[in-house]
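The values are calculated or read from the model by the stated rules, or taken from the named source; none is laboratory data. These numbers were taken from a predicted model, which means no experiment stands behind them. Here the Cβ positions follow ideal geometry from the backbone for every residue, glycine too, while neighbour counts run over all protein chains shown. Accessible surface is based on the protein model in full, side chains and every heavy atom, while ligands, DNA and RNA are left aside. Shrake-Rupley method; radii C 1.70, N 1.55, O 1.52, S 1.80 Å.
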Protein chains: 4
Amino acid sequence: MTEVTLDVATEIIEASENHVGESDVPPMCIAVMDEGGNLVGFHRMDGALLASIDIAQNKAYSAVSLKLDTETIHEASQPGESLYGIGETNDGRIITFGGGLPLEDDEGTVVGGIGVSGGSVEEDVEVAHAGLEAFENG
Amino acid sequence: MTEVTLDVATEIIEASENHVGESDVPPMCIAVMDEGGNLVGFHRMDGALLASIDIAQNKAYSAVSLKLDTETIHEASQPGESLYGIGETNDGRIITFGGGLPLEDDEGTVVGGIGVSGGSVEEDVEVAHAGLEAFENG
Amino acid sequence: MTEVTLDVATEIIEASENHVGESDVPPMCIAVMDEGGNLVGFHRMDGALLASIDIAQNKAYSAVSLKLDTETIHEASQPGESLYGIGETNDGRIITFGGGLPLEDDEGTVVGGIGVSGGSVEEDVEVAHAGLEAFENG
Amino acid sequence: MTEVTLDVATEIIEASENHVGESDVPPMCIAVMDEGGNLVGFHRMDGALLASIDIAQNKAYSAVSLKLDTETIHEASQPGESLYGIGETNDGRIITFGGGLPLEDDEGTVVGGIGVSGGSVEEDVEVAHAGLEAFENG
C-alpha cells in the first residue's frame, strides 16, 4: 500500500500551490491526511481565508473517512437524499461541498485525503485536482 | 493597513447603539473582531436576547473568516447551493443569515468584522450597516 | 436589586481601563457579566494577550456562578483542598486563579461579575478591583 | 512588523525537521501560527505520535496567545503557583509543558508562535529552538 508520508503530502501541497500560482484562483488552505484521517501536512497560503483553516482539514477528513469526494457528499446530503444530515455527525467535521478528494493507490484503496479551501467551490475543486494529479503521477 | 483597535471597535459599537436608540429596532448585541478573528469589543444592550451574545460574535467571525457578509453566506448555504452545510463547519461558528459584515480598509483588505444580533435579520443588517458606516467615515 | 446594565458594565470597564492607563500594568481584557452569567460588555485593550479574551470572560463567569472571587477559588482548588478539580467542571469555564470578582449590591446579593486578564495575577486582581470600586461607588 | 507568511513558516518547519534529521530525537509534529493565533503551516514527520498533531498546534497557540514559552507556563501552572489551572481555560488549548515558543520580531513584538511535539519535553524544546533560530536569522 502507498503511504501518505510527509514527502508525499508535501508534493501534493506544492502541486496545489503551484496551480494557484499559475492560475487566477485566490490563495488557498491545503490539508493532507493519511489513511487514519490524521493530518500530515497543512499550508495556509498568504491571504487565504481564516475559515478555510478548519474547512480544508475537514474536507480532507471527510474524503478519507467516507471514502468519497466531497462533491458527491454535497449531492447525497441534500434534503431528501440518502445522506441528509451527515454534516452534523462527527462533530461537524463532514463537509458537504466540493474541495475534498480521497487519495487512492493503484489498487483503488483509499490511503489518504486532500482538502482545499479558499475560493469558490469550483476553484477549490480545481486546486484539489491539481494536488491529486501530482499524487497519482508521483 | 487599518487596524481594528479598541478605539475603532468602540466607535463602531457606539454608532450601532445610537442607530438602535434613534430607530424602532429592538436592543442588540454588537461584536467587533480584528483581522485574526479575535474579539476586540462586545456590548449587549439592555434587554437584548441572550442567544444573540454568541450569534453576534459568530457573525463577526463569519464575516472575517470568509471575507463575506453573512447575507451572501445565507444564499450560498441553501439546499442545493454551493456552500450548503457551511453552517456546521468551524464548530458551528459560521452563521448563515444576515447581520455580519466584513470591515475593509481603503484598499479593500478585510481588517475585521462586525456582527449584530437581536432583532429580525433585516433589523440586524440595518444596525450592522450603521456600524460599518461609522468605520468607513471614521 | 441593582442590575448590571450596559451602562453599569461600561462604567466598570472604563474604570478598569483608566487604571491600566494610569499605572504600569500591561493592556487587559475586561469582561462584565450579569447575574445570569451572561456577557454584558467586553473590551480588549490594544496589545492584550489573545488568551485573555476567553480567560477574562471565564473569570467573570466563575465569580458569578460560584459567588466567589477567583483568588478564593485558587486556594480551594489546590490538590487536597475542598474544590480540587473544579477547574475541569463547567466545560473548563471555572478559572482557578485571581482576576475574577463578584459584583454585589448593597444587600450582598451577587448581581454580576467582572473578569480581568492580561498581566500577572496580581496585576489582573488590581485592575479588577479598580472596576469593582467604580461599581460600588457608581 | 514582521509577518509570519507561509514562506517564513516553511523555513521554520524545515529548520526544525533538519535538526531532527541531524540528531537523535524522534520524529516530530511542527506547527507555526501567526500573530492572530491562526495556523500557517503544519508538518507531521513520518512516525510522529498522533497525539502530537493537536499538542504541537496547541503549543503554538499557547505561545502566541500568552506571549510566553510553554516552559514558563509549565512552572506557573503547578499546584499552588499563580497560573494553576490555566491548562483548562481556553477549551484546553493552553499547553503546560515545554515545546512552544513565541516568535518575536526585532522590536520584541510577538508576531507568531511555533509548537513542537513528538519526543520528550527536552527534545521538543530543542527542536523548537532550532526553528526559532532559523526565524531569527531568516
Worksheet item: Restricting the search to the stretch D:6-41, which residues are more than 11 Å from the chain's Cα centre (by Cα) and under 14 Å from A:PHE42 (Cβ atoms)?
Response: D:LEU6, D:ALA9, D:THR10, D:ASP34, D:ASN38, D:LEU39, D:VAL40, D:GLY41
Practice prompt. State yes or no: is B:ALA15 in contact with a strand residue (DSSP E or B) (Cβ under 8 Å, 6 or more places away or on another chain) and in contact (Cβ under 8 Å) with a residue 24 or more places away in the chain?
Written response: no
Item to complete: Search the stretch D:86-103 for residues that are touching a residue at least 40 places away in the same chain (Cβ under 8 Å) and pair each with any residue that is of a type in the set (Phe, Trp, Tyr) when their beta-carbon atoms are under 7 Å apart and the residues are at least 6 apart or on different chains.
Response: D:LEU103/D:PHE135
Practice prompt. Scan (1) outside any helix (DSSP H, G or I); (2) without any contact (Cβ under 8 Å) to a residue 40 or more places away in the chain for the single condition B:HIS129 breaks and write down its number.
Written response: (1)
Practice prompt. Within the stretch D:40-62, track down each residue that is under 27 Å from C:LYS59 (Cβ atoms) and either modelled with pLDDT under 95 or touching a helix residue (DSSP H, G or I) at 6+ places or on another chain (Cβ under 6 Å) (or both).
Written response: D:LYS59, D:SER62
Worksheet, complete the sentence: Filtering the stretch B:70-95 for residues that are over 12 Å from the mean Cα position of the chain (by Cα) and on the phi < 0 side of the Ramachandran plot leaves a count of 17
Worksheet item: Restricting the search to the stretch D:108-126, which residues are farther than 19 Å from D:ILE53 by Cα and either in contact with a strand residue (DSSP E or B) (Cβ under 9 Å, 6 or more places away or on another chain) or touching a residue at least 40 places away in the same chain (Cβ under 8 Å) (or both)?
Response: D:THR109, D:VAL110, D:VAL111
Item to complete: Residue by residue through the stretch A:21-47, note down the ones that are free of Cβ contacts under 8 Å to residues at least 60 places away in the same chain and among the small types (Gly, Ala, Ser).
Response: A:GLY21, A:GLY36, A:GLY41, A:GLY47
Worksheet item: Is one or more of the residues making up the stretch A:117-126 facing another protein chain (nearest Cβ under 9 Å), touching a Pro at 6+ places or on another chain (Cβ under 8 Å) and open to solvent by 10 Å² or more (accessible area, probe 1.4 Å)?
Response: no
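If you take just the helices (runs of 4 or more DSSP H) that sit entirely in the stretch C:1-115, which of them hold at least 3 residues that are more than 14 Å from chain D (Cβ to nearest Cβ) and open to solvent by 10 Å² or more (accessible area, probe 1.4 Å)?
Working: elements: C:6-22, C:51-66, C:70-76.
Qualifying helices (runs of 4 or more DSSP H): C:6-22.
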Worksheet item: Being closer than 21 Å to D:VAL4 by Cα, touching a Ser or Thr at 6+ places or on another chain (Cβ under 9 Å) and at pLDDT below 95, is that true of even one residue in the stretch D:110-131?
Response: no
